[in-house]
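Inspection log for the structure reproduced underneath, given as structure tokens.
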Ligand code: SF4
């Protein structure tokens, strides 16, 4: 559960400024960006995701390194499973 | 060295290892505690033990939220699942943690409605989708996770959701560090500080460790090089006779933390006067509960909970391992009665648990020195 997974922001969900669609190794899920200080995340930004929330912004190089590391250690499936598992991010979202 | 080769920069790793060997005084034995379970996991998974000189001992800290939760709290959570109409939700890590009457998974097999979620927002969603049921979220975690629970509760309040509650078991890392520093016979020379926790709390909360106890702290990221660099920082301070808080993980951790997250936590939570930690006992002001304005969503207010203290099985030495007194393989049950298939203690369940990490990456059937 303490996994923090890097993902790239695709877009901000229309009418839900606290949700961003994020791409994690090809899987796209909404995550909540309400913890980011100047909540202004832009498409293309990289964020560190933890239990459905973006914890902080990170640099692109760092994000790619971390993804590579997850893969090298065979933990990318676990990360994908977690991201795919975010049910709240389906249509008609309460989050 | 098995895992280290897979890094993009084995050369940097080798150089960091050399620097460590150079900085450490050969005549001295160092005990450096990595507080966070994520670091424990990374240390075993990357085989970092193997690149350190013999006189540097890494001591595993209490930073695994599943591991420090006492059995009585697991029982309390499971009691909620017995209420008619209730759905208990928890993170996957919790599912195999044994309570007195079995694990959440076993109770589920016996008919309780217990579901795994990946986010507290999933629990909230479940409540919105099932207005006739009550959905309780079994919240665990340090400051990394607590802000997510806080935002979820703020959202529940906004929605005026009546069929949702949180069973709050959030704990805070600093009082646990103090308890370890105060425990008699515990000799720690310095700390590798938690990375993601500190992205929320910032570095200031560790200043007392340097000021009052004279021990260095280096907040670190989770890559092998991050951890080695933090060890270098600690060793350099020790060598110079200094004690201060350094931030190796500056790219993620702001010195002052995350004010948005801290504000959300302050709106929702208050400190408990004390809380029991597995292995460490009762620690004052070491855990969070919902404040009075969230009583409506507080499972401890809404449900009658047994609240009975349960002692660990005698032979299980989870407490000693959590305090860093024993290494996982020194527990009598390790890899025998207690293994990932049949965990007796929570440290064998969570991937951040020292026993599970040790079993998975370092245990080769024989006793290994670590
Ligand atoms: S091996 Fe099992 S019983 Fe022993 S300390 Fe680890 S989790 Fe606890």
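For the reader, a short list of remarks on this structure follows.
- Counting only strands (runs of 3 or more DSSP E) wholly contained in segment B:152-228, the ones carrying 2 or more residues that are within 14 Å of another protein chain (Cβ to nearest Cβ), closer than 27 Å to residue B:289 by Cβ and in contact with a strand residue (DSSP E or B) (Cβ under 6 Å, 6 or more places away or on another chain) occupy B:164-170.
- Subset of segment B:52-71 that is over 14 Å from residue B:35 (Cα atoms) and out of contact with any strand residue (DSSP E or B) (no Cβ under 7 Å at 6 or more places or on another chain) - its residue that is farthest from the ligand (Cβ to nearest atom): B:53
- Options B:121, B:58: the member that is within 23 Å of the chain's Cα centre (by Cα), in contact (Cβ under 8 Å) with a residue 12 or more places away in the chain, buried (at least 18 other Cβ atoms within 10 Å of the Cβ) and more than 14 Å from chain A (Cβ to nearest Cβ): B:58
- Residues located in segment B:281-300, provided they are assigned to a helix (DSSP H, G or I) and surrounded by fewer than 14 Cβ atoms within 10 Å (Cβ to Cβ): B:292, B:293, B:295
- Residue in segment B:292-314 that is farthest from the ligand (Cβ to nearest atom), counting only those that are more than 19 Å from residue B:124 (Cβ to Cβ) and in contact with a strand residue (DSSP E or B) (Cβ under 9 Å, 6 or more places away or on another chain): B:292
- Residue list for segment B:233-279, restricted to those being within 16 Å of residue B:144 (Cα to Cα) and in a helix (DSSP H, G or I): B:259, B:260, B:261, B:262, B:263, B:264, B:265, B:266, B:268
- On inspection, residue B:50 does not qualify as assigned to a helix (DSSP H, G or I) and within 11 Å of chain A (Cβ to nearest Cβ).
- Residue check for residue B:148: at pLDDT 95 or above and under 17 Å from the mean Cα position of the chain (by Cα): yes
- Looking only at segment B:170-182, residues that are surrounded by fewer than 21 Cβ atoms within 10 Å (Cβ to Cβ) and closer than 17 Å to residue B:70 by Cβ come to 2 in all.
- For segment B:321-353, filtered to residues that are more than 7 Å from the ligand (Cβ to nearest atom) and in a helix (DSSP H, G or I), the residue that is nearest to the chain's Cα centre (by Cα) is B:322.
- Among the candidates B:314, B:289, residue that is away from chain A (no Cβ under 14 Å) and farther than 30 Å from residue B:159 by Cα: B:314
- Some residue of segment B:252-267 being within 16 Å of the ligand (Cβ to nearest atom), in contact (Cβ under 8 Å) with a residue 60 or more places away in the chain, within 14 Å of another protein chain (Cβ to nearest Cβ) and surrounded by fewer than 18 Cβ atoms within 10 Å (Cβ to Cβ): no
The values are calculated or read from the model by the stated rules, or taken from the named source; none is laboratory data. Since the model is a prediction, treat every value here as computed from it, not as a measurement. No Cβ is skipped: glycine too gets one built from the backbone with ideal geometry, and neighbour counts run over all protein chains shown.
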